[in-house]
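Input: a single structure, listed below in structure tokens.
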Amino acid sequence: MSRPNWKQITFVGYYMNSQNMLDFIDIAKNSGITHILLEFITLGVGNNWSNGLQYVDTVANWINDFTDTDRTNILNKLKEANITMGLSMGGATSFNGDFSYTWTNQFSPYFIDGTNITNIEASAIKFGTDLANIAKNCGLSYIDLDIEHIPTVSTYQNYDDISNYLGYLSKTIKENLNNGIVSHSPQSPYLYPYINGNWKNLYYVIEQNFGNYIDWYNIQYYNQGTYSEETQVFTNDNYYSASVYQLQIANNVQGLTHFPPQKIVVGAGTDSGSGLCRNTSNTTGPSWITLTTWIDNQKNTNNNEWYNNGGIMTWIYGINSTMGYNNDLITFWKNSSNLSNLSNSTNSTNSSNSSNLSNTSNTSNTSNLSNSSNSTNSSNLNMNVHSNQTYNRIDLQETNELNNICEICDLCEMPNVCKMS
């Protein structure tokens with residue numbers, strides 16, 4: 001790989017045997033993959049809390065179906081290929097529609113009962129310890145947190161609980177994995193920078209208070225009714241202010257911690273309803289080849305540090321069957337990993353651009369990156385103006401992997417925006 005700090009992460013699903021994984025490691029190595037995520041460890045699926053953490057899909061295969069010899073052979077081959085594998089916790093079906101049920105549902109193993117678990121930190125520590133132990137017990141040192149269905153400010157009163165829970169959860173995993181890898185896979189609305197959003201400025205608070213325990217963020221730039229254009233992904237997200245550039249400057253909001261470029265990973269999906277990337281359900285998104293071009297375009301811009309040190313995430317490679325997009329993904333990975341390094345002269349030329357990643361904005365961008373909400377966009381920022389307790393699909397949408405249908409269609413108020421209607 002020409003950029004040694006560039007990350008290429010992929011989820012693999014939905015079923016595998018040991019030979020599938022051994023074969024895929026060869027493909028991954030030749031395609032520039034640096035990290036593989038199995039999916040999922042779950043909790044509270046179908047309101048089943050009393051059974052605690054459960055394993056599904058490729059996580060279940062790894063833990064329940066593979067022998068010790070299978071796992072040893074795969075881990076040895078991963079080490080030879082310089083690829084790290086991890087387990088992802090969460091996904092679309094976890095938490096029965098509300099992440100806070102983790103500590104508020106009396107049947108959850110992490111319920112704050114006032115006796116065994118007395119507060120948010122204690123609950124998160126128990127949860128994080130359990131996740132770290134699962135990884136260690138099967139030879140891994142990487143946990144990803146794909147935490148979805150996070151309650152809004154209108155549905156959860158003490159909102160600092162949310163950021164603190166995710167922070168203490170990350171800290172506990174990191175420490176129990178002996179400084180292993182912890183990543184998050186947030187949907188882009190969670191990275192909104194203003195406190196008047198449905199989730200306030202949730203992930204900025206997490207990065208500020210607990211960023212030392214999180215290695216990077218696999219941001220889901222799909223299923224949000226936007227991200228069909230290069231500018232929306234990389235320079236000016238006029239819905240959630242979560243483009244690669246805006247994250248690096250905290251959208252010029254005073255007092256916010258900026259996201260380091262090396263911690264920003266652009267996520268794209270094969271079954272997205274909108275955004276990255278085009279498929280049978282998403283006719284407006286860019287092709288995988290186009291996305292490669294967009295990435296290459298960043299090398300001589302204010303995103304040049306991201307270009308060299310950030311990364312991409314793909315959801316999802318069919319490790320047991322193609323699911324229609326395996327060849328597209330392989331081509332994308334190879335093309336993305338082979339993009340050339342910036343030359344010394346280019347770095348010198350662009351060094352003056354580093355000042356644009358400060359709190360003082362580039363004057364050409366001030367109209368889009370102001371500290372206050374752009375009034376022309378307020379009608380689109382439903383997470384910003386929506387005060388009732390329903391989710392609009394533009395606010396937060398998740399595709400159900402089993403049937404490719406948005407989980408919250410019955411609550412959707414914006415079918416004209418959603419490409420899956």
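The values are calculated or read from the model by the stated rules, or taken from the named source; none is laboratory data. Bear in mind the structure is a predicted one, so any value in this text is a computation, not a measurement. Glycine also receives a Cβ, built like all others from the backbone with ideal geometry; neighbour counts cover every protein chain displayed.
The table that follows gives values for the structure above.
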| read-out | value |
| --- | --- |
| Subset of the stretch 84-121 [in a helix (DSSP H, G or I), farther than 20 Å from Ile143 by Cα and among the β-branched types (Val, Ile, Thr)] | Thr104, Ile120 |
| Residue check for Ser141: modelled with pLDDT of 95 or more and surrounded by fewer than 19 Cβ atoms within 10 Å (Cβ to Cβ) | yes |
| In the stretch 227-249, the residues that are more than 18 Å from the chain's Cα centre (by Cα) and either under 17 Å from Tyr307 (Cα atoms) or not polar (S, T, N, Q) (or both) | Glu229, Glu230, Thr231, Thr235, Asn236, Ile249 |
| Only one of Asn350, Asn297 that is farther than 30 Å from Gly13 by Cα and either modelled with pLDDT of 95 or more or in contact with an Asp or Glu (Cβ under 6 Å, 6 or more places away or on another chain) (or both) | Asn297 |
| Test: Asp113 is over 22 Å from Thr93 (Cβ atoms), surrounded by fewer than 16 Cβ atoms within 10 Å (Cβ to Cβ) and among the charged types (D, E, K, R) | yes |
| In the stretch 1-25, the residues that are more than 16 Å from Ile63 (Cα to Cα) and free of Cβ contacts under 8 Å to residues at least 12 places away in the same chain | Pro4, Asp23 |
| Check on Ile206, in contact (Cβ under 8 Å) with a residue 40 or more places away in the chain, among the hydrophobic types (A, V, I, L, M, F, W, C) and either assigned to a loop (DSSP other than H, G, I, E, B) or in contact with a His (Cβ under 9 Å, 6 or more places away or on another chain) (or both) | yes |
| Some residue of the stretch 137-159 being without any contact (Cβ under 8 Å) to a residue 24 or more places away in the chain and either touching a Ser or Thr at 6+ places or on another chain (Cβ under 9 Å) or part of a loop (DSSP other than H, G, I, E, B) (or both) | yes |
| Scan of the stretch 161-189 for residues that are assigned to a helix (DSSP H, G or I), within 15 Å of Val205 (Cβ to Cβ) and either without any contact (Cβ under 8 Å) to a residue 60 or more places away in the chain or touching a Lys or Arg at 6+ places or on another chain (Cβ under 8 Å) (or both), ordered by number | Ser163, Asn164, Leu166, Gly167, Tyr168, Leu169, Ser170, Lys171 |
| Single residue of Gly285, Gly267 found to be assigned to a loop (DSSP other than H, G, I, E, B), touching a Ser or Thr at 6+ places or on another chain (Cβ under 8 Å) and surrounded by 22 or more Cβ atoms within 10 Å (Cβ to Cβ) | Gly285 |
| Where Leu131 falls short, out of the listed (1) within 30 Å of Lys79 (Cα to Cα); (2) touching a Gly at 6+ places or on another chain (Cβ under 8 Å); (3) in contact (Cβ under 8 Å) with a residue 60 or more places away in the chain | (2) |
| Matching entry among Ile63, Ile74, Ile27 (being in contact with a Cys (Cβ under 9 Å, 6 or more places away or on another chain) and assigned to a helix (DSSP H, G or I)) | Ile63 |
| The stretch 296-325 - residue that is surrounded by 23 or more Cβ atoms within 10 Å (Cβ to Cβ) and of a type in the set (Val, Ile, Thr) and, of those, farthest from the chain's Cα centre (by Cα) | Ile319 |
| Yes/no for Ser123 being under 18 Å from the mean Cα position of the chain (by Cα) and buried (at least 23 other Cβ atoms within 10 Å of the Cβ) | no |
| Thr10 being within 23 Å of the chain's Cα centre (by Cα), outside any helix (DSSP H, G or I), modelled with pLDDT of 95 or more and not aliphatic (A, V, I, L, M) | yes |
| Enumeration of residues in the stretch 14-31 that are within 21 Å of the chain's Cα centre (by Cα) and surrounded by 23 or more Cβ atoms within 10 Å (Cβ to Cβ) | Ala28 |
| Residue pairs meeting the criteria (Cβ under 8 Å; at least 6 apart or on separate chains; first under 9 Å from Pro193 (Cβ atoms), in the stretch 240-251; second small (Gly, Ala, Ser)) | Tyr240/Ser188; Ala242/Ser188; Asn251/Ser241 |
| Exclusive hit being under 30 Å from Asp130 (Cα atoms), buried (at least 24 other Cβ atoms within 10 Å of the Cβ) and not charged (D, E, K, R), set Tyr168, Tyr221 | Tyr221 |
| Among the residues listed as Asn96, Asn179, the single one being surrounded by fewer than 18 Cβ atoms within 10 Å (Cβ to Cβ) and within 21 Å of the chain's Cα centre (by Cα) | Asn179 |
| Residues satisfying the stated conditions in the stretch 270-282, i.e. buried (at least 24 other Cβ atoms within 10 Å of the Cβ) and either more than 21 Å from Ser183 (Cβ to Cβ) or among the charged types (D, E, K, R) (or both) | Gly273, Ser274 |
| Out of Thr93, Thr42, Thr69, Thr102, sole residue that is of a type in the set (S, T, N, Q), more than 20 Å from Trp333 (Cβ to Cβ) and without any contact (Cβ under 8 Å) to a residue 24 or more places away in the chain | Thr69 |
